[in-house]
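Visitor: Here it is: the structure, laid out below.
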Amino acid sequence: MHYTNVLFDLDGTLTDPKLGITKSVQYALQRMGIAVDDLDQLEPFIGPPLMQSFQELYSFSNEQAQQAIGYYREYFSEHGIYENELYDGIKELLVQLRLEEKVLYVATSKPTVFAERILRYFDIDSYFRFVCGSNLDGTRLAKGEIIEHIVKEQNLEVGRTVMIGDRKHDIIGANLNHMQSVGVEFGYGSKQELETAGAAHIVETVNELRRLLCSASS
């Protein structure tokens, strides 16, 4: 694949955020009077916008979802943000892409301020030219809007740009922007989810992703 610009999702693509996200959701639900002991039950919260997940999975009203997000951020900003780990091989992939003069971006539904803190925490912030997430006030939540903002802000040529992500939202967002996409199975979306969403390519591992993206590996 010969692309100049590579957009990466964050959760489930660059990092495995399961513990931090699910514990933050668990805390928020507890504050809302709902006890969930099994963190695995909260995995569907990884990837989509929180507002959407609280409403779809727990039938919260708009007001209840906003309140739950506030509780979520209480825990996440202090603890959950660091209960997270880089997938093996990601840093090496970023190094190789930069050596090949690819320009890298982050496109995440997570608020930009949190995404930037996570990238700094893992010491990979310097590999990315621009980081774009949602706004803390609940605007720019949809992945399609986030990708569109990066394209316009950075004046990217869509035909030379690819989106990498683990959930259908990443693939749908890329398709809405007439952009090629790669679905990664090592995150939190199934192969079927990625295929149904219309991913141009699907890979199982970080090594397979490197072989696809990097000319030195192909």
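Every read-out reported here was derived from the displayed coordinates using simple, explicitly stated rules and does not represent laboratory data. Treat the numbers as computed from the prediction; the structure is a model and nothing was measured. All Cβ positions, even for glycine, are placed from backbone atoms using ideal geometry, and neighbour counts span all protein chains on display.
Visitor: Give me the distance in nm between label points sitting 7 Å out from Cα along the Cα-to-Cβ direction at Ser190 and Ser215, one decimal.
Guide: Going by the 7 Å Cα→Cβ label model, 3.9 nm.
Visitor: Another question, if that's okay. If I take R0 = 41 Å and measure r between the Cβ atoms of Asn62 and Ala200 in this structure, what FRET efficiency does the formula 1/(1 + (r/R0)^6) give, to the nearest 0.05? Walk me through the intermediate numbers first.
Guide: Working: r = 35 Å, r/R0 = 0.85.
The value I calculate is 0.75.
Visitor: I need the shape label for the chain. Rule: rounded when a/c is under 1.5, else prolate if a/b > b/c, else oblate, with a, b, c from the alpha carbon gyration tensor. List each step's numbers first, then the result.
Guide: On the way: a/c = 1.75, a/b = 1.67, b/c = 1.05.
Prolate is the answer for the chain, as a/c is 1.5 or above and a/b outweighs b/c.
Visitor: Show the residues, 5+ positions off or on another chain, whose built amide H is closer than 5 Å to the amide H of Ile202.
Guide: Amide H to amide H, under 5 Å and 5 or more residues apart or across chains, Ile202 pairs with Gly183.
Visitor: Modelling each spin label as a point 7 Å along the Cα-to-Cβ direction, I'd like the Gln30/Asp88 distance in nm, to one decimal.
Guide: Here the answer is 3.2 nm between the modelled labels.
Visitor: Also: Please work out how much length the chain gains when fully extended from Asn155 to Arg117, using 0.36 nm per residue of separation minus the C-alpha to C-alpha distance, in nm with one decimal. The partial results should precede the final answer.
Guide: Values: separation 38, 0.36 × 38 = 13.68 nm, distance 2.50 nm.
That works out to 11.2 nm of additional length.
Visitor: Okay, next question. Rounded to the nearest 500 deg cm²/dmol, what is the calculated helix-only ellipticity per residue at 222 nm for the chain, with -39500 (n - 2.57) per DSSP H run of length n ≥ 4? All intermediate terms of the calculation are to be shown ahead of the outcome.
Guide: Numbers: 9 runs with 96 residues, N = 218.
It comes out at -13000 deg cm²/dmol, rounded to the nearest 500.
Visitor: OK, next. Rounded, prolate or oblate for the range 18-82? Axes are the square roots of the Cα gyration tensor eigenvalues, ordered a ≥ b ≥ c, and the cut-off for rounded is a/c under 1.5. Don't skip to the answer; put the middle values down first.
Guide: Working: a/c = 1.40, a/b = 1.26, b/c = 1.11.
Because its axes are fairly even, with a/c under 1.5, the range 18-82 counts as rounded.
Visitor: Go ahead and collect, in residue order, the members of the range 154-176 whose backbone nitrogen is under 13 Å from a label point 7 Å along the Cα-Cβ direction of Thr4.
Guide: Of the residues in the range 154-176, 154-162 have backbone N under 13 Å from the label point off Thr4.
Visitor: Please work out how many pairs of lysine residues in the chain are eight or more positions apart (or on different chains) and have Cα atoms closer than 23 angstrom.
Guide: Going through the chain pair by pair, I get 19.
Visitor: So for the chain, averaging the separation of alpha carbon pairs under 8 Å that are six or more residues apart and normalising by length, what relative contact order in percent results?
Guide: On the way: 389 pairs, mean separation 53.8, N = 218.
With pairs under 8 Å counted, the relative contact order is 25 percent.
Visitor: Please work out the Cα center distance from the range 166-217 to the range 67-138, rounded to the nearest Å.
Guide: 18
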